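To keep things clear, I will list the structure first and then write my remarks on it.
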Amino acid sequence: MDISGHQHDLITARDAGMVACTSCGLVASPDVESCPRCHARMQSRKDGSIQRVLAWLLAGLILYVPANIYPMLRTTQMFKEQDSTIVGGVITLIHHHAYAIGAIIFIASVLIPVGKFIVIAYLALLLSRPHTKDPHRLHILHAAVEFIGRWSMIDVFVVAILVALVQFDVLASIKPGLAAACFALSVVFTMLSAQAFDPRLIWDVTDKGTPK
Amino acid sequence: MIYDSTCIACPHCDVVYRLSAARMVTRTRCLRCGYQLTLGKSEAIARVVGLALTSTILMGIVLFAPFLHLNAGPFASSASVADVVLGFATGIMMPLAFAVLIFIIVVPVARSLLLIYALAPLLTGHANASGAQSSLRWAFVLKPWAMAEIFMVGVAVALVKIGGMATVHTGTAFWAFVLLVVVNTFQDTFMCRNTLWTSLATNTT
Ligand SMILES: [Zn+2]
Ligand SMILES: [Zn+2]
């Protein structure tokens, strides 16, 4: 149909008996395995999407535990060693009245990852059976998770920069802690989890709650 | 194998649209989910290639020029982006160094080179390079893994954290990096999937 049409006569590639390329948007007959225009693999719906979403999510969740227990930074100042975890670092910043920076780290390292775990798990579990939720809302949730997820990496970069800059032998030095590696991996895994999700599943369930 | 090159499907909700030639050059959103099907920018290819060249050059400056200088009493240090990456490169932190290297240098450079390789022949009137399709596809796939702008926010946070114990001066590479982030953001506004893929597919020279 033409784009100037109305919402009620929208037709999906699958309903038209076709398969769409999610990489370039080309619509082809279902026997096409790789896209003639961009060579991507063509699948009407990604195989085992929900299972892969949950597998990556679990990996990310498991790594988020040591990311919070072990230190992100080990600061040596005048022969004194001090370890700081993610939450410990935020508390120190608040103590020093660095509220804006404290808020940025708290949002990037705690709120966003935890929010992501909840939203992805919710979407994956909801879409594995019939439901009556408004697809527009679910779509916004998924888009938000895909857009915001990568910003969790901020604290890893902060650690990298501090480690590179603060190297004054006995006066002060900063070393990265185990949590930095765990946290970086956790972010990577949850990004893969969000990417494994096939957003077309959100729209497959009709307003009556029965999958087509 | 049948396909219709005047039709495109929304990658988010699978709705199919037939785009008229007029629609291809304006901004179009999916009627159901709001996904931007076309960005409607003229000269998208020339700009994407030009900006990719610019960001490759800027990355060269970023790598080899000093990034930040630090003074704390009698002590002074300066760090380039290479130092930031190598700061992690010991023992168990090796994978982390590797990850930082990939997110802030390798992926952004790779994306620029892939875009130039795939799209430059369209500008010079040559036939598509072999593997142009896969190159352009990978440039899109790598998009979320290029984290230059996130690194920049990390730099800002780190500067405030250090502020108390030392004075920090920004080096040439710092400003080149800021410019790089601006160039990349600007480039994204021209990365219209429909325009780029149609141009590549219809290049018959
Ligand atoms: Zn394709
Ligand atoms: Zn859509």
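The values are calculated or read from the model by the stated rules, or taken from the named source; none is laboratory data. Since the model is a prediction, treat every value here as computed from it, not as a measurement. Here the Cβ positions follow ideal geometry from the backbone for every residue, glycine too, while neighbour counts run over all protein chains shown. Heavy atoms of the whole protein, side chains included, go into the accessibility calculation; ligands, DNA and RNA do not. Shrake-Rupley method; radii C 1.70, N 1.55, O 1.52, S 1.80 Å.
Take the conditions (1) away from ligand 1 (no atom under 16 Å from the Cβ); (2) free of Cβ contacts under 8 Å to residues at least 24 places away in the same chain; (3) polar (S, T, N, Q); B:Thr6 misses just one of them, which is (1). Does A:Leu57 fit the bill of being more than 30 Å from A:Ile174 (Cα to Cα), open to solvent by less than 20 Å² (accessible area, probe 1.4 Å), touching a His at 6+ places or on another chain (Cβ under 7 Å) and in the same structural domain as A:His139 (by TED's automatic domain parsing)? It is false that A:Leu57 is more than 30 Å from A:Ile174 (Cα to Cα), open to solvent by less than 20 Å² (accessible area, probe 1.4 Å), touching a His at 6+ places or on another chain (Cβ under 7 Å) and in the same structural domain as A:His139 (by TED's automatic domain parsing). Restricted to strands (runs of 3 or more DSSP E) entirely inside the range B:35-84, those with at least 2 residues that are within 20 Å of the chain's Cα centre (by Cα) are B:36-38.
Scanning the range B:187-202 for residues that are buried (at least 16 other Cβ atoms within 10 Å of the Cβ) and of a type in the set (Val, Ile, Thr), which turns out farthest from B:Val153 (Cα to Cα)? Out of the qualifying residues, it is B:Thr198. For the range A:181-207, the candidate set comprises residues that are polar (S, T, N, Q) and within 29 Å of A:Ala160 (Cα to Cα); within that set, the residue that is most open to solvent (accessible area, probe 1.4 Å) is A:Gln195. In the set (1) open to solvent by 60 Å² or more (accessible area, probe 1.4 Å); (2) away from every other protein chain (no Cβ under 12 Å), B:Asn184 fails one condition alone, (1). In the range B:13-24, of all residues being out of contact with any Leu (no Cβ under 8 Å at 6 or more places or on another chain), more than 15 Å from ligand 1 (Cβ to nearest atom) and not aliphatic (A, V, I, L, M), the one that is nearest to A:Leu201 (Cα to Cα) corresponds to B:Cys13.
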